[in-house]
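The values are calculated or read from the model by the stated rules, or taken from the named source; none is laboratory data. From a predicted model like this one, the values you see are computed outputs, not experimental measurements. Ideal geometry is used to build each Cβ from the backbone, glycine not excepted, and the neighbour counts take in all protein chains shown.
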């Protein structure tokens with residue numbers, strides 16, 4: 001049984017999944033973890049999803065406003081035991097739908113080049129590599145993506 005909820009960053013299941021994500025990133029980011037971590041605070045995220053499989057929280061994701069037309073996808077994480085089942089795609093699609101409902105027309109995100117599973121996941125979900133933006137400009141281990149959100153007619 002799959003259940004996907006919309007919530008905010010105060011939700012305890014979201015907080016617990018983000019702790020697992022941060023532990024994973026400490027290892028993969030190595031010496032650069034502190035640099036990346038400063039941009040990943042969850043204190044004020046108002047658009048958060050948690051996906052449950054058999055009543056267990058297994059996937060999370062969020063977005064925050066990037067500019068007037070874009071949101072930035074943040075804090076996507078899937079428990080390793082639940083990967084490859086399409087659950088992260090369901091979560092990402094829910095975030096994209098929510099952004100469209102709020103009037104946004106595209107999403108952007110950053111992931112590390114060392115997170116090869118994440119890079120492939122975003123490519124599979126029609127995200128296109130773009131020049132690094134904002135704090136990631138000139139950061140060789142960052143890879144930035146964008147996806148244009150299409151409405152049902154287009």
- [ ] With the checklist (1) in contact (Cβ under 8 Å) with a residue 24 or more places away in the chain; (2) in contact with a strand residue (DSSP E or B) (Cβ under 7 Å, 6 or more places away or on another chain) in hand, flag the one item residue 126 doesn't pass.
- [x] (1)
Task: Where a residue in segment 69-92 is free of Cβ contacts under 8 Å to residues at least 24 places away in the same chain and at positive phi and its partner, wherever it lies, is assigned to a strand (DSSP E or B) and buried (at least 19 other Cβ atoms within 10 Å of the Cβ), with Cβ under 8 Å and at least six apart - done: none
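Return yes or no: is residue 85 surrounded by 14 or more Cβ atoms within 10 Å (Cβ to Cβ) and in a loop (DSSP other than H, G, I, E, B)? Steps first, please.
Details: surrounded by 14 or more Cβ atoms within 10 Å (Cβ to Cβ): yes; in a loop (DSSP other than H, G, I, E, B): yes.
For residue 85, the condition - surrounded by 14 or more Cβ atoms within 10 Å (Cβ to Cβ) and in a loop (DSSP other than H, G, I, E, B) - is met.
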Task: Hits in segment 98-154 - residues which are surrounded by fewer than 17 Cβ atoms within 10 Å (Cβ to Cβ), under 14 Å from residue 88 (Cβ atoms) and in contact with a helix residue (DSSP H, G or I) (Cβ under 9 Å, 6 or more places away or on another chain) - done: 124, 125
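What do you reckon, is residue 110 farther than 18 Å from residue 67 by Cα and under 16 Å from the mean Cα position of the chain (by Cα)?
Numbers: farther than 18 Å from residue 67 by Cα: no; under 16 Å from the mean Cα position of the chain (by Cα): yes.
It is false that residue 110 is farther than 18 Å from residue 67 by Cα and under 16 Å from the mean Cα position of the chain (by Cα).
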- [ ] Would you check if there is a residue in segment 39-57 being in contact with a strand residue (DSSP E or B) (Cβ under 9 Å, 6 or more places away or on another chain), surrounded by fewer than 16 Cβ atoms within 10 Å (Cβ to Cβ) and in contact (Cβ under 8 Å) with a residue 60 or more places away in the chain?
- [x] yes
- [ ] Please go through segment 1-15 and pick out each residue that is touching a strand residue (DSSP E or B) at 6+ places or on another chain (Cβ under 7 Å) and either surrounded by fewer than 17 Cβ atoms within 10 Å (Cβ to Cβ) or not in a helix (DSSP H, G or I) (or both).
- [x] 2, 3, 4, 5, 6, 7, 8, 9, 11
Task: Residue that is surrounded by the most Cβ atoms within 10 Å (Cβ to Cβ) [pool: residues in segment 60-72 that are farther than 17 Å from residue 16 by Cα and touching a helix residue (DSSP H, G or I) at 6+ places or on another chain (Cβ under 6 Å)] - done: 63
Open item on the list: Out of 147, 90, 100, I need the residue that is assigned to a helix (DSSP H, G or I), in contact with a strand residue (DSSP E or B) (Cβ under 7 Å, 6 or more places away or on another chain), at pLDDT 95 or above and closer than 28 Å to residue 52 by Cβ. Which one?
Closed with: 90
Task: Output for segment 116-130, where each listed residue is at pLDDT 95 or above, part of a helix (DSSP H, G or I) and more than 13 Å from the chain's Cα centre (by Cα) - done: 120, 123, 124
